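One structure below.
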Amino acid sequence: MALADQLKRIFDADREMRAAEGALLRKKRSDELVALLAAATREALSMDDRSEATMRLERLADLCAQVPGPEMTDALISILDDEEPRVRVAAGEALRDVGFERYAEVARGIERALERGEAGPAMSELPWVLAEIAEPSALPLIRRFLAHPNADVIAASIEALSQLHEPDAVADLQRFVDDTRVVTIEDFEDETKTTLGELAREALIELGADETP
């Protein structure tokens, strides 16, 4: 097949996908569509074919974000719990976009995840989502992550508080300055080891605060 024909096929497929998505989302307030997307998310998360699962989950993150309701927020958080970084990026960006438009839905979804005692990768991503949206209730919600039993979740919460630049977070950070638990910090493709105490001290410097209460 000629290159020009291959390019045309891409344009045609993209046009067809946009038309199909538009038709699907015309029913975005229907219980049937909510149930369909929730079931499709569960199916994709359970697939052994990781390439197919990744493709589906990235698309589902975009679709779920466009459909209002608690079931879709829960679906996005479950997608955020996937092990594939690309999928987590898609879900995190989708949750952030929903949060800018319908923050209460995202906040309540995060509260439900905390109440269920979730412990997967999503719990290290959600504090960042809250910090990026930066609504007034972000601080009390991130504080709840500081009580999580997983040190990596606490580390993400400390870094999110640093990004939030909220003076009221100083006392929360000071609690961890002597914490020697070792955590892994991911920076793109690099990973570094540090302690919660070191992270807390760095965050306090960012806030221009003293390490001691």
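Observations
- ³J(HN,Hα), Karplus 6.51/-1.76/1.60, whole Hz, each residue of the range 38-53, x for Gly, Pro: 5, 5, 5, 5, 4, 5, 5, 5, 9, 6, 7, 6, 5, 5, 5, 4
- Going by neighbour counts of Cβ atoms within 10 Å, the residues E16, E202, E125 line up, fewest first, as E16, E202, E125.
- Between the range 190-211 and the range 69-99, the alpha-carbon center distance in angstrom: 27 Å
- Among T194, T54, T41, T73, a tally of other beta-carbon atoms within 10 Å of each Cβ gives an order, fewest to most, of T194, T54, T41, T73.
- With both labels modelled 7 Å from their Cα along Cα-to-Cβ, the Q163 to R181 distance reads 2.0 nm.
- Extending 7 Å from Cα along the Cβ direction at E202 and again at A171 yields two label points whose distance is 2.6 nm.
- Residue order for V67, V87, fewest other beta carbons within 10 angstrom first, comes to V67, V87.
- 222 nm mean residue ellipticity, helices alone, for the chain (DSSP H n ≥ 4; -39,500 (n - 2.57); rounded to 500): -21500 deg cm²/dmol
- Here the calculated FRET efficiency for A104 and I10, from their Cβ-Cβ distance with R0 = 41 Å, stands at 0.55, rounded to the nearest 0.05.
- R29 paired with A209, simple spin-label distance in nm, labels 7 Å along Cα-to-beta-carbon: 4.3 nm
- In summary, no lysines lie within cross-link reach of K193, defined as a Cα separation below 18 angstrom excluding same-chain residues under 8 places away.
- Which label in (i) 19.7, 70; (ii) 17.0, 54; (iii) 15.9, 49 gives the computed Rg and Dmax of the Cα atoms in Å: (i)
- The 3J(HN,Hα) values that the Karplus relation (6.51, -1.76, 1.60; θ = phi - 60°) gives for the range 153-162 are, in residue order, 5, 4, 4, 4, 5, 4, 5, 5, 5, 4 Hz. Gly and Pro appear as x.
- Sites E21 and R112 - FRET efficiency at Förster radius 25 Å, r taken between beta-carbons, to 0.05: 0.35
- Rounded to the nearest angstrom and listed largest first, the equivalent-ellipsoid semi-axes of the range 31-118 from its Cα gyration tensor are 19, 14, 13.
- Kirkwood-based Rg to Rh ratio, the range 6-52, C-alpha trace: 1.11
- Listed values for the range 117-131 are Karplus-derived 3J(HN,Hα) couplings in whole Hz (6.51 cos²θ - 1.76 cosθ + 1.60, θ = phi - 60°), namely x, 4, 9, x, x, 4, 5, 8, 9, 4, x, 5, 4, 4, 5, and x replaces Gly and Pro.
- Near-label residues of the range 75-119 by backbone N, under 20 Å of a point 7 Å along Cα→Cβ of D48: 83-84
Bear in mind that the values in this text are calculations on the coordinates, not laboratory data. From a predicted model like this one, the values you see are computed outputs, not experimental measurements. Counting neighbours? That spans all protein chains shown, and the Cβs are built from the backbone with ideal geometry, glycine included.
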